[in-house]
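Nothing in this text is a laboratory measurement; each read-out follows from the coordinates by a stated rule. This one's a predicted model, so the numbers in the text were calculated from it and none came from an experiment. Cβ sites come from the backbone with ideal geometry, for glycine too, and all protein chains shown count toward neighbours.
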Amino acid sequence: MNLESLKHLLACRRPGDESRDEHVMAALRKLQDDPDALAAAEAELHLDESIRAALHREIPVPADLVHKLHAIEPSGRIVGFPRRAVLGWLGGAAAAFVTGAYFFMRRPLAFEDWKSTAIAWVREPKLEKQDSLLAVLKSHLASRGALVPEGFPARLVSLPTIGCQCLTVNGQSISVVCFLRNEHAFHTFVTRADKVSSAADFLGTHGPKIWSEAEGWNFATWQAADQGYMLLTQAPEKELRELFA
């Protein structure tokens, strides 16, 4: 069972009803044994759901569609359906779907979406590759076709790593690389700066922007060449600032 088969099976499943289909159960067991396949399948299914939800908002279903499909007379007798009207709507919807998907998958990544994705991930982190060497993690990201970070500050690069992960948000790739210092994790989320809307407002080009938020999280954002970086940690702000000194 290859990755494409696994993704097709999972796309057809009904949440909470998986146990009724032995093929879906086999696919789920296969994914649990293959972290790379699990991460890839989850990323694609998440993207599919994001596109479906966005297009559902943008392409409302006509209120009289059911009536047009069944063409029910007052007597309740089905007399067929008006092909031109229905096929015309279906054709328009299909064209709008393709056009909407194209632009949706290429729309800029809002800073708040980037940040909320990072916060959600650090609350339930999943690492598809674990290693203490940054070079090993960068090689893994490259093998996945993900963005390879090249703009970490020297003091961060000198730290041992924990692992990495590949994410997709609004069709944009985000590479996650985690470091360890004084028993505190430093989670970095890297994407293309030109894919972040209003990037100049959030990414420091002459040094990082550092701030704190609720739940003890400290943030740093910066830009290096064409890459945008966001770092989250619960280490004291002083330790975070030391990485950029």
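Observations, loosely collected:
- Note on residue 110 and residue 225: their simple-model spin labels are 3.1 nm apart, each label 7 Å out from Cα toward Cβ.
- Compared with the direct C-alpha span, the chain from residue 155 to residue 123 gains 9.0 nm at full extension, assuming 0.36 nm per residue.
- Across the cross-link table entries 30/126; 115/138; 126/195; 138/238; 30/195, which are compared at the Cα atoms, the separations over 26 Å belong to 138/238; 30/195.
- Simple Cβ-charge dipole of region 111-242, Lys/Arg +1 and Asp/Glu -1, about Cα centre, in debye nearest 20: 260 debye
- Extension gain, residue 23 to residue 136: 0.36 nm times the residue separation minus the Cα-Cα distance gives 37.2 nm.
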